[in-house]
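J.: Could you have a look at this structure, given as structure tokens, before my questions?
The values are calculated or read from the model by the stated rules, or taken from the named source; none is laboratory data. These figures come from a predicted structure and were not determined experimentally. Here the Cβ positions follow ideal geometry from the backbone for every residue, glycine too, while neighbour counts run over all protein chains shown.
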Amino acid sequence: MSWYGEQIHNLMVEQLTRPSLYYPYPRTQMVTITLLVPAMKSINDCQVVTKAIKLLPGVVNATAVPNRGRLQVTYNNSQITLESIRYHLKQIGYEIINKA
């Protein structure tokens, strides 16, 4: 391989291995986030929400605190998005007001 060919090859490898300007984080990343779900007040609500969230593909864990209306979710952001989690919660009657 010529010197120019080697330089181009090195640049291409560098482009593929460094994060993109448009997506600066690794494409597969585990994310843990705490969400406020004010309608989740009882233990029964917590069980319903955690069971529903854990069934979603890409969600690794979900734990809820009943009296505080907080839901902690760990998910793989290459398989599911926060918007999708929000959508599924809304479908079962619970709405996220913001990130805690």
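J.: Going through region 53-84 one residue at a time, which ones are over 16 Å from Gln29 (Cβ atoms) and β-branched (Val, Ile, Thr)?
T.: Passing the criteria: Ile53, Thr63, Val65.
J.: Could you tell me which residue of region 69-100 is surrounded by the fewest Cβ atoms within 10 Å (Cβ to Cβ), considering only residues that are of a type in the set (Lys, Arg) and assigned to a strand (DSSP E or B)? Full working, then the answer.
T.: Step one: list which residues in region 69-100 are of a type in the set (Lys, Arg), which gives 70, 86, 90, 99.
Applying the additional criterion that residues be assigned to a strand (DSSP E or B) yields 70, 99.
Values: Arg70: 17, Lys99: 9.
Here the residue is Lys99.
J.: When residues of region 40-61 are filtered for being surrounded by 14 or more Cβ atoms within 10 Å (Cβ to Cβ), over 13 Å from Leu82 (Cα atoms) and among the small types (Gly, Ala, Ser), how many remain?
T.: 1
J.: Could you list, ordered by first residue, the pairs with Cβ atoms under 8 Å in which the first is in region 35-48 and in contact (Cβ under 8 Å) with a residue 40 or more places away in the chain and the second is crowded, with 16+ Cβ neighbours inside 10 Å and among the charged types (D, E, K, R), at least 6 apart or interchain?
T.: Final answer for the pair search is Leu35/Arg70; Leu36/Arg70; Val37/Arg70; Ala39/Asp45.
J.: Is it the case, given these coordinates, that Arg68 is at pLDDT 90 or above and closer than 19 Å to Ile97 by Cβ? First the steps, then the outcome.
T.: Details: at pLDDT 90 or above: no; closer than 19 Å to Ile97 by Cβ: yes.
It is false that Arg68 is at pLDDT 90 or above and closer than 19 Å to Ile97 by Cβ.
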